[in-house]
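A.B. asks: Below: one structure in structure tokens.
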Amino acid sequence: MNFTFIVPEDHDGQRLSDFIRGRGVSARLWKKVKWQGTVCINGEPCHHAKTRLHAGDKVTASWEEENDIVPAHIPISVIYEDEWLLLVNKGPHMIIHPTSKEHYDTLVNAVAGYLEAKGEAAGVHPIYRLDRNTTGLVLVAKSSKVQHDLSKSHDRIYREYVALASGVFPEKEGTVEAPIGRKDGSIIEWTVRPEGKPARTDYRVLQQMEDFALLRLHLHTGRTHQIRVHMAHIHHPLLGDDLYGTADSRIDRQALHAEMIRFIHPETGEEMEFHAPIPADMLFWKGDKT
């Protein structure tokens, strides 16, 4: 992995370490580059973090990305890939990171296996998580620098979901703004509670069926289970969500899909937008239009 910066006029005389850190490079990555990588100024190796820079200097750094993730050769659906990023359309029944009970059959294991098969040495850094049974787009950084750049704040990435929610919606669109915290006595369930963290979800009804609706949703915050909790809070739990609603014979998971993502590429500056088609197990609504 590598990055390149040109020193602007207003940074003339600044120390190398301060300049690098000011470019969005985390302290952890800077330590890795300093001790395990190579830093050059105008093509000449530099070994001193306190070196003073001059306007117009070209600062480059390179390092090897390593991870301790066990590769698993599980098929994944790659929507987009370049030297910095990987965008995957995650299927159901898969978690993002290994746990004490599931060591290998996770998305990061599958991505590590995909990269190994290509012979590419890169990191595996998911920018955000999806629940086990939520499908759709997951953005993965190949370096900790890109991860840091994209994770500075929730609004650096714009995402929309589609969902099937129970009941009849009296209004075509709405906003749920209610704080979310862990439910007392539970290690997996969350709920709306006054002392929870602020959370806001916008939704729009795309199609109303007899007893459920197809929704498009956008999160302003990134709380655990946010869509599922907020929809249950307004008495419209997602179909198939047996944690916050009830099981449904038409689908064996919560009917939630991360359908769209839009972001500014942290390296090229290009605005990028991608979509993932609604999975087959959520398309039964097409036969239930009213």
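The values are calculated or read from the model by the stated rules, or taken from the named source; none is laboratory data. Treat the numbers as computed from the prediction; the structure is a model and nothing was measured. All Cβ positions, glycine included, derive from the backbone under ideal geometry; neighbour counts span all protein chains shown. These area figures cover heavy atoms from the full protein model, side chains too; ligands, DNA and RNA do not enter into them. Shrake-Rupley method; radii C 1.70, N 1.55, O 1.52, S 1.80 Å.
A.B. asks: What are the pairs, 6+ residues apart or on separate chains, where a residue within the range 122-141 that is of a type in the set (Ser, Thr, Tyr) and at pLDDT below 95 has its Cβ under 7 Å from a residue that is surrounded by fewer than 23 Cβ atoms within 10 Å (Cβ to Cβ) and assigned to a loop (DSSP other than H, G, I, E, B)?
C.D. replies: Pairs found: Tyr128/Gly222.
For (1) open to solvent by less than 30 Å² (accessible area, probe 1.4 Å); (2) in contact with a Ser or Thr (Cβ under 7 Å, 6 or more places away or on another chain); (3) assigned to a strand (DSSP E or B), each residue gets a yes or a no:
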residue: Lys145; (1), (2), (3): yes, no, no
residue: Asp184; (1), (2), (3): no, no, no
residue: Tyr203; (1), (2), (3): no, no, yes
residue: Thr224; (1), (2), (3): no, no, no
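A.B. asks: Now for a separate question. Select, from Glu116, Glu160, the only residue that is more than 30 Å from Ile251 (Cα to Cα) and open to solvent by 10 Å² or more (accessible area, probe 1.4 Å).
C.D. replies: Just one listed residue meets the conditions, Glu116.
A.B. asks: To continue, here is another question. Any idea which of Gly222, Gly269 is modelled with pLDDT under 95 and within 20 Å of Asn89 (Cα to Cα)?
C.D. replies: Gly222
A.B. asks: Do you know which of the residues in the range 16-68 that are free of Cβ contacts under 8 Å to residues at least 24 places away in the same chain and part of a strand (DSSP E or B) is surrounded by the most Cβ atoms within 10 Å (Cβ to Cβ)?
C.D. replies: Within the range 16-68, the match that is surrounded by the most Cβ atoms within 10 Å (Cβ to Cβ) is Val39.
A.B. asks: Go through the range 231-267 and report how many residues are under 30 Å from Asp82 (Cα atoms) and of a type in the set (Lys, Arg).
C.D. replies: Count: 1.
A.B. asks: Identify all residues within the range 122-143 that are among the basic types (Lys, Arg) and surrounded by fewer than 19 Cβ atoms within 10 Å (Cβ to Cβ); write none if there are none.
C.D. replies: If the condition is that a residue be among the basic types (Lys, Arg) and surrounded by fewer than 19 Cβ atoms within 10 Å (Cβ to Cβ), then Arg129, Arg132 are the ones that fit.
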